[in-house]
Each structure stands twice: as structure tokens, then as C-alpha cells.
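The structure under discussion appears below in the form of C-alpha cells.
Only the coordinates and a few stated rules stand behind these numbers; no lab work does. Everything numeric in this text was worked out from a predicted model, so none of it was measured. All Cβ positions, glycine included, derive from the backbone under ideal geometry; neighbour counts span all protein chains shown.
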Amino acid sequence: METKRLKNVITFSPKYGYNTTTQVCFWCSKELAIIQLGKINDEDIKAPEFMVIDYNPCTECDEAFKKGILFISATNENNGMPQIVPGIYPDGAWCVVTDEGIEESDAFTEEEKGKLLKDRISLVTPEEYYKLFGE
Ligand SMILES: [Zn+2]
């Protein structure tokens, strides 16, 4: 128990004190929380002003995602973002299409529509994303 508690204690940064960053939602950039990082590594680097900690959507994004099928633009080239699934890096573009929008679309085969409506989420390349949604 003692060990677990101690793991959560930050090391105060000699240069930047609590060395705080603002956690933002990856999907909409909304500011979520102030996080104290303290001393980050041996170099004692300054925390970035904003930081994406994970891909969990904020409440608003979560609500938006529930309204349809989520398309996420992603690439297999390492763009500096954490992987969303192994070897795949999102680039920040996303769009939600309603079930009706999918059913009425001529961009998908019937088989693709069935899979989209079942999976509710689709990772597409930036090229595919542009073809579907413009920029
Ligand atoms: Zn959000």
C-alpha cells in the first residue's frame, strides 16, 4: 500500500516547481485539467503548455460520437502522436456521420455500410478522409 501511494508523488522541479501542463481533449482541444508534472526527466525540461494525455473523448465529444459513425483520419507514419491502435497514428481530423447519412451515401458498398453501422468507428487514411469529407 505504501509503495502505491509513493508512486503518485511528483518530484518537485528545481527549475519549474510544480511544472504544470493543461490536459486537453485530443478531439476538440478543450481544456480538461491542470496536471503537475514536476521534474520530468534528468534534464528537468519545462512542461508543454498543453498536453494530450490519452484518446478518451471529453463529455461533449463523447456525446457527439454517440450520434453516428465516427471516422478518424489516421496514418501509419509516426507523426509524433501516440498510437491509437498499434502502428496507427491519428492526425486530429474526425467526423461523425449519422446512420441515415451512411445508408444514403453512395461512397460505400452495401457490405461497407453494414460493417460501418456495426463497428460504429472507422479509421481512414488522410486521402480517404479528404475524399469523404473534404478537408
Ligand atoms: Zn472533446
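Each stretch of four or more DSSP H residues adds -39500 (n - 2.57); spread over every residue of the chain, this sum gives -7000 deg cm²/dmol at 222 nm.
Our coupling estimate for the range 70-86, obtained by passing each phi through the Karplus curve with A = 6.51, B = -1.76, C = 1.60 and θ = phi - 60°, is 8, 9, 10, 7, 8, 9, 8, 8, 5, 9, x, 7, x, 5, 8, 9, x Hz, Gly and Pro reported as x.
When the trypsin sites (Lys or Arg not before Pro) in the range 30-108 are filtered for DSSP coil states and for at most 11 other beta-carbon atoms within 10 Å of their beta-carbon, the remaining sites are Lys66, Lys67. Beta-bridge orientation, the chain: approximately 70 percent antiparallel, per DSSP, counting only bridges with both partners inside. Modelled spin labels at Thr20 and Ser105, positioned 7 Å past Cα toward Cβ, are 4.1 nm from each other. Length gained on full extension, Leu132 to Val85, computed as 0.36 nm times the residue gap minus the Cα-Cα distance: 14.7 nm.
Projected label points at Ala33 and Ile10, each 7 Å from Cα along the beta carbon direction, are separated by 1.2 nanometres.
For the range 17-31, backbone phi angles converted through the Karplus equation (6.51, -1.76, 1.60; θ = phi - 60°) give residue-by-residue couplings of x, 5, 6, 7, 10, 9, 6, 10, 5, 4, 7, 10, 6, 4, 6 Hz, Gly and Pro being listed as x. For Lys39, the amide hydrogen comes within under 5 Å of the amide hydrogens of Thr11, Phe12, Ser13, counting only partners 5 or more places away or on other chains and with H modelled in the peptide plane. Backbone phi angles across the range 38-54, fed through the Karplus curve with coefficients 6.51, -1.76 and 1.60 (θ = phi - 60°), yield HN-Hα couplings of x, 6, 7, 8, 4, 6, 6, 7, 6, 5, x, 5, 10, 8, 8, 8, 7 Hz in residue order; Gly and Pro are listed as x.
Amide hydrogen proximity for Leu123: with H placed 1.01 Å from N in the peptide plane, the residues at 5 or more positions away or on another chain lying under 5 Å are Ile72.
If you count Lys pairs in the chain whose Cα atoms are under 27 Å apart, skipping same-chain pairs closer than 8 places in sequence, the total is 23. Report, in degrees rounded to the nearest 10, the 0 to 90 angle that the Cα long axis of helix 110-119 makes with the longest principal axis of the chain. For helix 110-119, the angle is close to 30 degrees. In the range 67-133, the DSSP beta bridges split such that about 65 percent are antiparallel, to the nearest 5. What do you get for trypsin sites (Lys or Arg not before Pro) in the range 92-121 restricted to DSSP loop and a cutoff of at most 15 other Cβ within 10 Å of the site's Cβ? Those that pass, being in a loop and sparsely packed, are Arg120. Taking the Cα centre of the chain as origin and assigning +1 to Lys and Arg Cβ atoms and -1 to Asp and Glu Cβ atoms, the resulting dipole is close to 920 debye.
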